[in-house]
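Okay, structure first, notes after.
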Amino acid sequence: MRITDAGEKLFAERGYDGASVSDIVAGAQCSVGAFYARFKDKESLFLHIHDRQCDLLIQRIDFLCDLFRSENAPLGVMVRQSVRALFLFAGQRRSLTRVFIQRSGIDPVFHALYARTWGEVRTRLQPSMLLRQGEISHPDPERAIDFTLQLMHSGWANDVLHHQVKDITGQETGEALIEDLTEACLSYLGLTSPNGRR
């Protein structure tokens, strides 16, 4: 656990290349032997940390979907809560998530793992939303839901990569971005938001 926690902290602070096994061992206050008894190399630790973060995200999404079903939530509520859940999750571990996204851009094997995680998020959210397709005024509800999920991911990933860099994003982050992205998703689906905008 100490090795994983130290690795997570150093990867978040220094990126993948900036964190060495010796740094991680020092941070964990353990021996090099203890590290290699548990992990083959730095890459295997990085993948372990990625898997752990992905499991936490999927648990959050599963909880949300269970809530949608139990409360018989309308689609607008599903969209709003899904966007918020993604942004709050990333906000709690933004630096580490940024490292994952950056690595996925240069490492095809890791990119496949990263893409599979978002595929899992889609796979869980899509059926709940499809149950509400009668609320959608877009002519192709299934396509509209697919695009809405893509839009959520794009906005989320852009915020993780460029948080507080307004010169790049051209907009505020935080609550303003959550609200704007939610409104864009609702508008594409043809739903009226709770505050009356369409």
With the charge dipole of the chain built from beta-carbon charges (+1 for Lys and Arg, -1 for Asp and Glu) about the Cα centre, the Cα from L131, V99, F63 projecting farthest to the positive end belongs to F63
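Between R52 and D180, what is 0.36 nm times their sequence separation minus the Cα-Cα distance? Round to one decimal in nm. Intermediate results must be reported in sequence, preceding the final value.
On the way: separation 128, 0.36 × 128 = 46.08 nm, distance 3.00 nm.
My answer for the length gained is 43.1 nm.
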Magnitude of the Cβ-charge dipole (Lys and Arg +1, Asp and Glu -1) of the range 107-151 about the Cα centre, nearest 20 debye, reported as 100
So the FRET efficiency between S187 and Q133, C-beta based with R0 = 22 Å and rounded to 0.05, is 0.85
Rounded to one decimal in nm, the spacing of the 7 Å Cα→Cβ label points at Y36 and R2 is 1.9
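Could I get the Rg over Rh figure for the range 48-189? Both from C-alpha atoms, Rh via Kirkwood, rounded to two places.
Details: Rg = 15.0 Å, Rh = 15.7 Å.
For the range 48-189, the value is 0.96.
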To the nearest 0.05, the calculated FRET efficiency linking R116 and V77 through their beta-carbon distance, R0 being 45 Å, is 0.95
Note: F147 to V109 extended length (0.36 nm per residue) minus current alpha-carbon separation gives 11.2 nm
FRET efficiency for S22 and R60 from the Cβ-Cβ distance with R0 = 25 Å, rounded to 0.05, comes out at 0.15
Computed for the chain: size of charge dipole around the Cα centre, +1 on C-beta of each Lys and Arg, -1 on C-beta of each Asp and Glu, debye to nearest 20, value 240
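So what is the relative contact order for the chain, in percent, with contacts set as C-alpha pairs under 8 Å and at least six apart? Spell out each step's value before the answer.
Values: 165 pairs, mean separation 41.1, N = 198.
Reported as a whole number, the value is 21 percent.
No value in this document is a laboratory result; all are computed from the given coordinates. Here the structure is a predicted model, which means the values were calculated and not measured. Neighbour counts run over all protein chains shown; Cβ positions are idealised from the backbone, glycine included.
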